[in-house]
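Working notes, structure below.
Read the figures in this text as sums done on the coordinates, not as results from a lab. Values in this document were obtained by computation on a predicted structure and should not be read as measured data. Glycine also receives a Cβ, built like all others from the backbone with ideal geometry; neighbour counts cover every protein chain displayed.
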Amino acid sequence: MIEFEEELKKFHPSLEVEEVEDAIYNQDVTDLADVLVKMVKEAKEE
Amino acid sequence: MLCFKCGCRLSEKNFCTGCGADVGLYKKIMYTANRFYNDGLEKANVRDLSGAVSSLRQCLKLNKNHIDARNLLGLVYFERGEVVAALSEWVMSKNIRSEKNIADDYIDMIQNNPGRLDAYNQTIKKYNLALNYCRQSSVDLAVIQLKKVISMNPRFVQARQLLALLYINSQEWEKAKKELDKALKIDANNTMTLRYLRETEAMMPSEEERIRKKKDAIVYQSGNDTVIQPVRKKDMVGMQTIINIVIGIVLGAGIAWFLAVPAREQQVRDEMNEKYKVVSEQLDAKTVQVDELTTQVSELTQEKNSLSSSLSQVQGNNVILEANDNLIEAAFLYINGTGDEMAIAQELEQIDEDYLQTESAESFRNLYNALKDSVSEVVAEDSYNLGYEAFRAEEYDTAIEYLDRAFRYDQSNGEALYNLGNSYHQKGDTDKAIEIYEQVIELFPNTEKARKSQNYIKEIKGE
């Protein structure tokens, strides 16, 4: 049975065009390759 | 594939030929990222956009520089109506690779059409407003806003899902299913859509019930609304049809009675009033004529009375003249000694009795009486004889004339009176006969004539 209030919480406001720039800057773009490089670098330092 | 340390192109070896770095793990990460990209591409090809987004995000978590994955992710976002998210991915893609990047075309497609971009932005604002309405329990306003959003951007999956949720909440299953079906055509494997759809189909009436309902109603689409029009039942047969016909006839008769009859009565009343008016006018005209004629009658009556008075005076004068003439003639006959007493008597009888008794002079009356006395005996005797002879000769009119004169000149002559009655009796004038007989009985009682007269009266009366 669908609970309306609970389902409604799953919907979030959509980003407007004016907020594109903030969205890009705030996006976490770290990928697994970055993590790997960082790990290799730390291992060598030790 | 480039070395993450020196940027040299890597070979099939697990180390970099340029800097000697161990790239075995790195290569595995890149290969895994490529597998997620391929998976995302396959899902996008079959319109599993949600699955494609998931796979492409996994790809980008492994390799943020995967341009194709990022561009495809932006394209998938754009297809689902999430324009800002798409723009975001394409801008980052262009930032990673500024040359020979298809993201340029995508960004130009939107930016070169400011009206379109503004329309997308308005769509997003309205969606956010509708979501706000939902949280404020203004469901009707939210539905209106979401319908506008969908009309402006039909591929906005989230808007359709939210609208479907509102329909589910208000138990409008058909509408909810319609929105969900359209959402599935855009994003074929969206878990939220599928869950809502399963719930909706579970709550909707069964196929059998829908078929039965369709028989009772015609369902068709009018814009965004589904119109259900009841079908008129055609199974009214037999007694029900007859009852309906009878009710119709009764209603028709009632309407005719309450509408037509008063109109007819009013028409008849108007006709009667018109006739009454005509008759009244005629009556007034006749009344005027009667008044005029009455006035004329009154005038003529007065004129008649006046003329009658004048005539009476003239006649009075004539009576005087005639009476004088008759008396003078009678005196002349007597003085000449003609011996014709009957002629003298006839002259005297022509004198008007009223004039003689009332208006005549005393000398006139003295002369009259003298002449009458002188001839009365002879006249009475001659008249009786002539009358009796006429009676015997059955000349009753002549007999009556002479016998009447005989009795007038001699009141003691009972025979004359008795034979006068017999003359009337024989003539057939029974009333006059009875009158005379009664005079005989009265004037000459205890006589043979009285006894006979009494017998004749009884005979006439049939006693």
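Some observations on this one:
- The stretch A:3-46-the stretch B:325-384 distance, computed between alpha-carbon centres (Å): 179 Å
- 18 Å reach of a label modelled at B:Q313, 7 Å along Cα-to-Cβ, counting backbone N of the stretch B:350-388: none
- Trypsin sites (Lys or Arg not before Pro) within the stretch B:1-105: DSSP coil, no more than 11 neighbouring Cβ in 10 Å: B:K13, B:K100
- Shielding by partners for peptide A:17-26, expressed as the average number of C-beta atoms from other protein chains within 10 Å of each residue's C-beta, is 4.
- Using 0.36 nm per residue and subtracting the Cα-Cα separation, the extra length available between B:N446 and B:Q357 on full extension is 28.6 nm.
- Two-site FRET efficiency, A:E6 against B:M272, from Cβ-Cβ distance with R₀ of 60 Å, rounded to 0.05: 0.10
- Based on the convex hull around the alpha carbon atoms, chain B presents an average projected area of 64.7 nm².
- Among B:T123, B:S151, B:W173 - extreme Cα towards positive end, dipole of the stretch B:119-207, charges at beta-carbon: B:T123
- Helix-only [θ]222 nm of chain B, DSSP H runs n ≥ 4, -39500 (n - 2.57) each, per residue, nearest 500: -26000 deg cm²/dmol
- Fraction of alpha-carbon pairs over 23 Å apart in the stretch B:62-205 - percent: 43 percent
- Sorted from longest to shortest, the spans of the Cα atoms of the stretch B:327-463 along the three principal axes equal 52, 32, 25 Å.
- Largest to smallest principal axis extent of the C-alpha atoms in the stretch B:224-341, angstrom: 151, 38, 10
- Given +1 at the Cβ of Lys and Arg, -1 at the Cβ of Asp and Glu and no other charges, the dipole of the protein assembly as shown around its Cα centre is 10460 debye to the nearest 20.
- Cα Rg, Dmax, the stretch B:24-112, angstrom units: 12.7, 45
- Dipole magnitude of the stretch B:289-417, debye to nearest 20 (Cβ charges: Lys/Arg +1, Asp/Glu -1, about Cα centre): 260 debye
- FRET efficiency for B:N121 and B:E99, using Cβ-Cβ distance with R0 set to 30 Å, rounded to 0.05: 0.55
- P(r) for the protein assembly as shown, from all Cα pairs and a bin width of 20 Å, is 13, 20, 11, 7, 6, 5, 7, 12, 10, 6, 2, 0 %, short bins first.
- Farthest toward the positive end of the dipole of the protein assembly as shown, out of B:V23, B:V297, B:Y409, is the Cα of B:V23, where the dipole comes from beta carbon charges about the Cα centre.
- Distance in nm between pseudo-label sites at B:E329 and B:Q136 (7 Å out along the Cβ direction from Cα): 14.6 nm
- Exceeding the 31 Å Cα-Cα cut-off - candidates B:K304/B:K372; A:K10/B:K175; B:K61/B:K185; A:K9/B:K177; A:K10/B:K43; B:K28/B:K94: B:K304/B:K372
- Compared with the direct C-alpha span, the chain from B:Q221 to B:D284 gains 14.9 nm at full extension, assuming 0.36 nm per residue.
- Cβ-defined net charge surrounding B:A33, 14 Å radius [Lys, Arg +1; Asp, Glu -1]: +3
- Around the amide H of B:F15, modelled in the peptide plane, lie the amide H atoms of B:V23, all under 5 Å away and 5 or more residues distant in sequence or on another chain.
- Taking GluC sites (Glu not before Pro) across the stretch B:296-395, the ones in a DSSP loop with at most 11 further Cβ atoms lying within 10 angstrom of their Cβ are B:E394.
- Between the beta carbons of B:T338 and B:T294, assuming R0 = 41 Å, the FRET efficiency works out to 0.10 to the nearest 0.05.
- Entry note, chain B: relative contact order of 6 percent, from Cα contacts under 8 Å with a spacing of 6+ residues.
- Overall form of chain A: oblate. Here a/c, set by the Cα gyration tensor axes a ≥ b ≥ c, is 1.5 or more, and a/b is not larger than b/c.
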